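Here's the structure, in structure tokens; my notes come after.
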Amino acid sequence: MAKLKIRGKDLKKAGVPPGKLTALAIALLKKHYKRSSPEKAIDDLKAVLAQPEAFLKHEIFAPLADLLMLPDEKSSPEIGLRTEAVPCNVFGATYIEEGALHQIETAARLPVAVAAALMPDAHQGYGLPIGGVLAVKNAIIPYAVGVDIGCRMCLSIFPAGENLLKNKIARLEKILLENTLFGAGKEFSQSAAHPVLEHRGFSELPIPGKLHLRAARQLGSSGSGNHFAEFGLAEFGQEDGVPGLAPGKYFAFLTHSGSRGLGSNIAAHYTNIAMEKTPLPRIARHLAWLDLDSEEGQEYWQSMQLAGEYASACHHLIHDKVATALGMDVMARIENHHNFAWKEVIENEELIVHRKGATPASKGVLGIIPGSMVQAGYIVKGKGLAASLQSASHGAGRQLSRRAAMQHIQPRQLKEILEKNGVHLIGGGLDEAPQAYKNIDDIMRAQKNMVEILGKFQPFFVRMDS
């Protein structure tokens, strides 16, 4: 891999304050991330920005954490946090790292916060932890939605069984390679036709308007990291499960990805505006909000809606192309998103509920909670649990950071676990190895009051970014 190339404007986009912090961050990344990708370096840096106190003794980032914890030289924060947090229910605390617990407690002390919850797959992110749910009054927090706005799961079920998985390996590999595109910044040479590209937001909203051409060329593609496309076997065991499906085993296709460059640019732009308009203590700076009645708040809200529709369109294009290549009609399709904010009524009050890496689980709503590339995922129906803010986990959740996974998991260990489970992998790295994830069955037991299990999806053929 080429020597790491990182610039000040890259760090500004990631939320690093200018001056000494930028200079130090660049120096640390260039010294310790020589052979890493810029995306990996920025991801790790964002974790430090979000929770600097967790990195005060870190072998690499301790100097940066020390500097981040110093009072702002220019001005004191204009908006303080509450001394006591609003109610926050934590599910599966045994499986959640300390950093994520600190982050949700900080979020629950925001002046606009009304209620919070933490899902059992939670792990430390930046701003709101992954797996965090936060209900606020008349405000929108871009980083509590997340960078990959509208990231989602989509499952298509076909009228075929497991024989297709066993006997058509070469064909399935060819279909995945020809009908999916993965990678940060990757684009098609020609854009696909889809009604979402005619959305009025591309002409009326400032940031989407600048990104229309890029969005058109990335439509139907997937990002890097934990985004995937999988062929597998879906199994349902009850009559009143997914509408239109009898109990049995079905050949199925599952994808996980989001809104690509469109969502990330919307997130970066409006987070910077929020941090200027609502300056907070450093520990909470990425939780800066926009008043929903403000011009910027409305711009972000509408841009977020567009990014969500765009992310859905990406999945539908991929699934339609795969269905055509298979020569089969889709019997049923299940889709749910996370990294989004919804207007919901809680105790007779309309609130803005942010779910960053959390699945909507209101009563009767269908969803997919994946495991890992070798562990089965679950098709579920929400129970509408008020204590979890009608939410559930969005997966198994990481137990090793990307950096830790790269350090502690060997290529042979990944190869062995794939072979043991009969899984074929295209792309994917050690940072996404199954060993980096929690046990999905532990996570499901911790949220049995949130969702009803309707079926399972076992992956057998997986494609990720190389």
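The values are calculated or read from the model by the stated rules, or taken from the named source; none is laboratory data. Please read these numbers as outputs of a predicted model, since none were measured by experiment. When we count neighbours, we look across all protein chains shown, and the Cβ atoms used for this are built from the backbone with ideal geometry, even at glycine.
Conditions (1) of a type in the set (Val, Ile, Thr); (2) under 22 Å from ALA135 (Cβ atoms); (3) surrounded by 19 or more Cβ atoms within 10 Å (Cβ to Cβ); (4) touching a His at 6+ places or on another chain (Cβ under 9 Å), marked per residue:
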residue: SER372; (1), (2), (3), (4): no, no, yes, no
residue: ALA386; (1), (2), (3), (4): no, yes, no, no
residue: ALA392; (1), (2), (3), (4): no, yes, yes, no
residue: ALA396; (1), (2), (3), (4): no, no, yes, no
residue: GLN399; (1), (2), (3), (4): no, no, no, yes
residue: MET406; (1), (2), (3), (4): no, no, no, no
residue: ARG412; (1), (2), (3), (4): no, no, no, no
residue: GLU416; (1), (2), (3), (4): no, no, no, no
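Conditions tested, residue by residue: (1) in a helix (DSSP H, G or I); (2) among the aromatic types (Phe, Trp, Tyr); (3) within 21 Å of the chain's Cα centre (by Cα).
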position	(1), (2), (3)
PRO18	no, no, no
LEU24	yes, no, no
LYS31	yes, no, no
LYS34	no, no, no
ASP43	yes, no, yes
**OP:** Could you list all residues from the range 107-128 that are modelled with pLDDT of 95 or more and within 13 Å of the chain's Cα centre (by Cα)?
**Re:** ASP121, ALA122
**OP:** Examine the range 132-148 for a residue that is free of Cβ contacts under 8 Å to residues at least 40 places away in the same chain and either of a type in the set (A, V, I, L, M, F, W, C) or closer than 21 Å to GLU296 by Cβ (or both), and state whether such a residue exists.
**Re:** no
**OP:** Could you give me the residue pairs with C-beta distances under 6 Å whose first residue belongs to the range 213-224 and is at positive phi, whose second residue is modelled with pLDDT under 95 wherever it lies, and which are 6+ apart or on separate chains?
**Re:** GLY220/ALA192
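Can you find, within the range 68-79, the residue that is surrounded by the most Cβ atoms within 10 Å (Cβ to Cβ) among those that are under 29 Å from the mean Cα position of the chain (by Cα) and modelled with pLDDT under 80?
Of everything passing the filter in the range 68-79, LEU68 is surrounded by the most Cβ atoms within 10 Å (Cβ to Cβ).
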Subject >> Breaking point among (1) farther than 22 Å from ILE379 by Cα; (2) more than 23 Å from the chain's Cα centre (by Cα); (3) assigned by TED's automatic domain parsing to the domain that holds PRO281, for PRO159 >> reply: (1)
Original post:
Got at least one residue in the range 254-267 being out of contact with any strand residue (DSSP E or B) (no Cβ under 9 Å at 6 or more places or on another chain), at pLDDT below 95 and in a loop (DSSP other than H, G, I, E, B)?
Top reply: no
**OP:** Test LYS343 against the stated conditions and say whether it is surrounded by fewer than 23 Cβ atoms within 10 Å (Cβ to Cβ), assigned to a strand (DSSP E or B) and either assigned by TED's automatic domain parsing to the domain that holds ILE169 or in contact (Cβ under 8 Å) with a residue 12 or more places away in the chain (or both).
**Re:** yes
Original post:
From the list ALA274, ALA288, ALA323, ALA332, which one is in contact (Cβ under 8 Å) with a residue 40 or more places away in the chain and within 20 Å of the chain's Cα centre (by Cα)?
Top reply: ALA288
Original post:
From ILE369, ILE409, which residue is in contact with a helix residue (DSSP H, G or I) (Cβ under 9 Å, 6 or more places away or on another chain) and over 27 Å from ALA252 (Cα atoms)?
Top reply: ILE409
Original post:
Taking ASN439 and the conditions (1) surrounded by fewer than 19 Cβ atoms within 10 Å (Cβ to Cβ); (2) in contact with a Phe, Trp or Tyr (Cβ under 6 Å, 6 or more places away or on another chain), which numbered condition does it fall short on, given that it satisfies the others?
Top reply: (2)
